[in-house]
């Protein structure tokens with residue numbers, strides 16, 4: 001009897017201990033479930049946008065290309081520049097053989113000197129004859145003849161002086177000088193070559209008159225920014241609108257728009273001129289918005305058939321919040337201002353969330 005009672009007691013104790021041991025795993029399982037159901041997410045904050053920033057690719061080009069030619073025909077004796085050379089205003093570029101023009105000018109100088117001497121003698125004769133006429137030793141006809149000769153000599157001197165001035169210009173025309181400061185873009189002549197007056201032999205690009213040409217879509221032309229910024233590896237340059245093409249390119253549908261260095265950036269003209277012509281650089285634009293918007297990552301948007309929404313984080317839980325999308329640009333979404341500034345929204349993995357789901361923020 002005692003043996004049965006002892007066995008029964010042991011059995012009760014055994015069940016009691018077994019029951020206590022089962023309560024501990026149940027608590028651990030609940031804790032593990034909470035950890036599994038909270039989803040790790042990365043977030044971004046909502047930012048206010050008062051102006052829109054965007055960029056396009058611009059090309060540094062000369063506003064004009066100036067063709068150069070000689071004023072006279074002749075043989076090239078010197079070509080002092082080559083393609084790509086930097087030149088300054090008044091610098092000698094090409095010299096022609098001026099021997100014939102020099103000879104012509106020297107001959108005119110000799111003729112002018114002889115005429116001036118003849119004119120001087122004629123005037124002396126006129127004064128002498130005028131004195132004789134007053135004493136009635138000669139006739140009026142004699143005086144008229146010397147007066148006519150003086151007029152003829154004066155006319156010849158005037159004509160020769162004009163020819164001499166032309167000959168002098170022709171000598172000067174055998175030298176081609178740079179009309180502007182810039183770079184030699186084309187060289188179309190070699191020493192020893194015979195060139196004709198008016199024949200294009202050089203082309204110079206003014207480096208103090210550069211433009212940045214870019215192409216923009218029609219959507220940007222309605223409110224085209226008057227200012228922009230050229231961004232180069234060395235520095236940035238403020239730009240002002242120069243001109244725009246009224247018609248879009250037939251192939252691309254884009255409009256050609258040109259900017260130039262802004263007036264308050266004139267002190268940077270030399271730095272801009274030192275950049276490689278034809279190189280392409282980013283051109284940044286900024287346009288104030290009529291109504292402030294909010295900016296969020298485009299990856300934060302989700303559309304479950306009821307328009308665009310985002311997941312906002314409130315007390316470590318995800319809440320589905322509707323937004324009104326204005327446009328997408330460069331990986332960002334611009335929306336109407338409906339969210340709290342600096343509010344946290346889920347930016348990645350939005351399709352894995354459920355309403356009121358617990359989340360853990362894993363931002364760096």
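Could you check segment 281-315 and list, in sequence order, the residues that are over 17 Å from residue 342 (Cβ atoms) and either out of contact with any strand residue (DSSP E or B) (no Cβ under 7 Å at 6 or more places or on another chain) or surrounded by fewer than 13 Cβ atoms within 10 Å (Cβ to Cβ) (or both)?
Passing the criteria: 288, 289, 290, 291, 299, 303, 304, 305, 306, 307.
Please indicate, with yes or no, whether at least one residue in segment 14-36 is at pLDDT 50 or above and within 30 Å of residue 324 (Cβ to Cβ).
No, that holds for no residue.
Among all residue pairs at least 6 apart or on different chains, which show Cβ distances below 8 Å where the first residue, located in segment 132-159, is without any contact (Cβ under 8 Å) to a residue 12 or more places away in the chain and the second is not in a helix (DSSP H, G or I)?
132/138; 133/139
Looking only at residues in segment 165-183 that are crowded, with 18+ Cβ neighbours inside 10 Å and in contact with a strand residue (DSSP E or B) (Cβ under 6 Å, 6 or more places away or on another chain), which one is farthest from residue 203 (Cα to Cα)?
This residue is 174.
Scan 240, 248, 222 and give me the residue that is under 16 Å from the mean Cα position of the chain (by Cα) and farther than 17 Å from residue 274 by Cβ.
240
Residues in segment 94-131 that are farther than 30 Å from residue 202 by Cα and touching a residue at least 40 places away in the same chain (Cβ under 8 Å): how many?
Qualifying residue count for the region: 6.
Quick one: residue 81 ticks every box in (1) part of a helix (DSSP H, G or I); (2) at pLDDT 95 or above except a single one, so which number is it?
(1)
Looking at segment 173-190, can you tell me whether even one residue there is touching a helix residue (DSSP H, G or I) at 6+ places or on another chain (Cβ under 6 Å) and closer than 30 Å to residue 113 by Cα?
There is no residue in segment 173-190 that is touching a helix residue (DSSP H, G or I) at 6+ places or on another chain (Cβ under 6 Å) and closer than 30 Å to residue 113 by Cα.
The values are calculated or read from the model by the stated rules, or taken from the named source; none is laboratory data. Computed from a predicted structure; not experimentally measured. Every residue, glycine among them, receives a Cβ derived from its backbone with ideal geometry; neighbour counts consider all protein chains shown.
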